[in-house]
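To keep things clear, I will list the structure first and then write my remarks on it.
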Amino acid sequence: MSEITQPRILLIGTGDTKADELTFMTECIGRAGGTTIMMDISVLGDPPYRPAHDKHAVAAAAHTTVDVIASSGDENSAMSLMAVGAANLARDLADRDAIDGVIAIGGTMGTDLALDVAQALPLGLPKLIVSTVAFSHLIPPHRVAADLMMILWAGGLYGLNGTCTAVLSQACGAIVGAAKSAIRPRNERPVVAITSLGKSCLRYMVELKPQLEKRGYEVVVFHTTGMGGRAMESIAAQGGFAAVLDLSLQEVANQLTGSVVNSGADRLENAGRAGIPQIVAPGAIDMIDFPAWLPVPNELSDRPFHAHNRLLASATSKAVDRRRIARAIADKLSQARAPVAFVLPTGGIQQWDRAGEALHDPDALAAFVDAMRSAIAPPVELHEIKDHINSTLFNETVLGIFDRWVEAGIVPAGRITVAA
């Protein structure tokens with residue numbers, strides 16, 4: 001593995017309004033051992049320096065001109081068009097191995113554009129956004145790239161000061177350091193994604209992961225607490241998996257019931273859209289998440305709930321919600337362009353969904369099972385088991401489907417490395 005000693009960092013910003021900040025960042029990147037490649041996303045003005053990729057190059061990458069963009073209507077439409085060009089240009093630079101990392105700076109406008117750029121770039125290429133709205137609920141989950149780094153641009157509204165230069169210098173050091181040390185995915189074995197929650201709630205990954213590794217696959221487990229599912233969807237959209245075992249769909253239920261702990265409206269859609277075979281199960285769809293530091297939502301106040309920690313709590317959903325969730329799951333799966341198998345464990349769908357446990361609602365579970373039976377239709381395979389999702393039978397069923405698909409050539413065979 002070759003070491004990058006002087007990484008080439010693409011620096012994106014509006015040079016007509018943030019020239020001082022961008023010049024300072026160029027100096028910081030140089031001091032950290034990197035080389036700066038400037039991309040100017042100004043529309044009306046020009047920077048007091050000559051960027052490697054000026055606004056005309058950005059507009060051309062969007063198949064238009066700056067004059068057309070400037071007259072497009074308002075600043076929103078103008079920056080949206082510039083975002084297309086910036087994303088296309090950055091992706092082209094990455095494809096040609098002309099950059100080793102990307103850093104962008106902005107308020108809401110610059111952040112909006114930078115989010116598109118980050119999503120256009122491959123996993124493993126370091127990407128960092130310095131933003132006045134970092135970590136804000138203004139940024140929806142589906143806009144966040146799988147490996148995006150962000151830092152709050154404190155004191156960064158207008159001009160340089162001691163507060164914002166402290167942040168900018170950290171950000172520049174971080175992107176140079178990341179570019180020097182990043183190990184890109186090598187994909188020496190076919191990659192299989194598994195979604196799950198912690199082992200106390202869903203335990204199948206404890207058995208499935210080593211079994212799949214024995215078969216010659218690299219297994220990546222995603223924690224379905226909002227951003228974990230978003231990361232999986234982001235990689236799936238780029239065709240990054242040989243197969244997806246999407247066995248924890250709590251984020252789908254959260255999105256449909258209005259919880260902020262969700263992964264966006266396209267959860268459970270990108271693998272199918274990309275032609276990736278999926279084995280799916282309804283892990284934890286009965287639990288609706290909410291921030292533990294807020295009061296229990298009124299619509300859940302009469303439901304059993306569990307505080308996982310000071311950040312996250314969950315309440316059980318009602319039968320009417322579970323029927324709606326079942327129909328939505330079936331509709332998403334019906335749109336897939338590759339084989340899908342749905343495993344329906346009728347004995348419970350998370351650890352506390354058992355007789356005698358605090359979150360068990362047998363009537364609501366039965367309503368979901370009935371709705372799921374009715375909603376799933378060919379070519380989606382339905383595999384019903386009379387056991388719990390944390391049972392040995394569930395794991396055997398999933399592995400049986402997977403092995404059958406490997407034998408049929410639906411999933412590529414694993415590559416087992418034999419030690420010399």
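The values are calculated or read from the model by the stated rules, or taken from the named source; none is laboratory data. This structure is a prediction, so every number in the text was calculated from the model and none was measured. Counting neighbours? That spans all protein chains shown, and the Cβs are built from the backbone with ideal geometry, glycine included. Please note that ligands, DNA and RNA were not included when accessible areas were found on the heavy atoms of the full protein model with its side chains. Shrake-Rupley method; radii C 1.70, N 1.55, O 1.52, S 1.80 Å.
General remarks:
- Scanning region 348-384 for residues being in contact (Cβ under 8 Å) with a residue 40 or more places away in the chain and either among the basic types (Lys, Arg) or touching a Lys or Arg at 6+ places or on another chain (Cβ under 6 Å) (or both) gives a total of 6.
- Scanning region 76-94 for residues that are open to solvent by 20 Å² or more (accessible area, probe 1.4 Å) and over 21 Å from the mean Cα position of the chain (by Cα) gives 76, 77, 79, 80, 81, 89, 92.
- Considering region 223-270, and only residues there that are at positive phi and open to solvent by 20 Å² or more (accessible area, probe 1.4 Å), the residue that is nearest to the chain's Cα centre (by Cα) turns out to be 239.
- From the list 331, 302, the lone residue that is surrounded by fewer than 21 Cβ atoms within 10 Å (Cβ to Cβ), part of a loop (DSSP other than H, G, I, E, B) and of a type in the set (Asp, Glu) is 302.
- Residue 296 more than 30 Å from residue 138 (Cα to Cα) and of a type in the set (Val, Ile, Thr): no
- Close Cβ contacts (under 9 Å, 6 or more residues apart or on different chains) running from residues in region 138-160 that are in contact (Cβ under 8 Å) with a residue 60 or more places away in the chain and part of a strand (DSSP E or B) to residues that are of a type in the set (S, T, N, Q) and surrounded by fewer than 18 Cβ atoms within 10 Å (Cβ to Cβ) are absent.
- Residue check, residue 146 closer than 30 Å to residue 220 by Cα and of a type outside the set (Lys, Arg): yes
- Put simply, of 73, 106, 124 the only residue that is in contact (Cβ under 8 Å) with a residue 60 or more places away in the chain and open to solvent by 10 Å² or more (accessible area, probe 1.4 Å) is 124.
- Odd one out for residue 324 among (1) in a helix (DSSP H, G or I); (2) touching a strand residue (DSSP E or B) at 6+ places or on another chain (Cβ under 8 Å): (2)
- Residues of region 194-220 satisfying the condition of being in a loop (DSSP other than H, G, I, E, B), open to solvent by 40 Å² or more (accessible area, probe 1.4 Å) and either touching a residue at least 60 places away in the same chain (Cβ under 8 Å) or of a type outside the set (D, E, K, R) (or both): 200, 203, 215
- Unmet requirement for residue 349, which otherwise passes all of (1) surrounded by 15 or more Cβ atoms within 10 Å (Cβ to Cβ); (2) more than 23 Å from residue 371 (Cα to Cα): (2)
- Exactly one residue out of 343, 398 is part of a helix (DSSP H, G or I), within 21 Å of residue 267 (Cβ to Cβ) and open to solvent by less than 10 Å² (accessible area, probe 1.4 Å), and it is 398.
- Residues in region 16-32 that are small (Gly, Ala, Ser) and open to solvent by 20 Å² or more (accessible area, probe 1.4 Å) were compared, and the one that is farthest from the chain's Cα centre (by Cα) is 30.
Listed here are the residues, each with its yes/no results for (1) more than 16 Å from residue 365 (Cβ to Cβ); (2) acidic (Asp, Glu); (3) touching a helix residue (DSSP H, G or I) at 6+ places or on another chain (Cβ under 7 Å).
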position	(1), (2), (3)
288	no, no, yes
311	yes, no, no
317	no, no, yes
321	no, yes, no
328	yes, no, yes
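- For region 354-368, a residue qualifies if it is open to solvent by less than 80 Å² (accessible area, probe 1.4 Å) and either modelled with pLDDT of 95 or more or under 16 Å from residue 323 (Cα atoms) (or both), and the qualifying residues are 361, 362, 364, 365, 366, 367, 368.
- Count of residues meeting criterion [open to solvent by 10 Å² or more (accessible area, probe 1.4 Å) and under 27 Å from the mean Cα position of the chain (by Cα)] in region 154-168: 2
- Test: residue in region 303-310 that is under 14 Å from the mean Cα position of the chain (by Cα) and on the phi < 0 side of the Ramachandran plot: no
- Index of the failed condition, residue 393 passing every other in (1) outside any strand (DSSP E or B); (2) open to solvent by less than 60 Å² (accessible area, probe 1.4 Å): (2)
- Hey, residue 132 among the polar types (S, T, N, Q), free of Cβ contacts under 8 Å to residues at least 40 places away in the same chain and open to solvent by less than 20 Å² (accessible area, probe 1.4 Å) or not: no
- In region 285-296, the qualifying residues are those that are assigned to a loop (DSSP other than H, G, I, E, B) and touching a residue at least 12 places away in the same chain (Cβ under 8 Å), and the one that is nearest to residue 224 (Cα to Cα) is 285.
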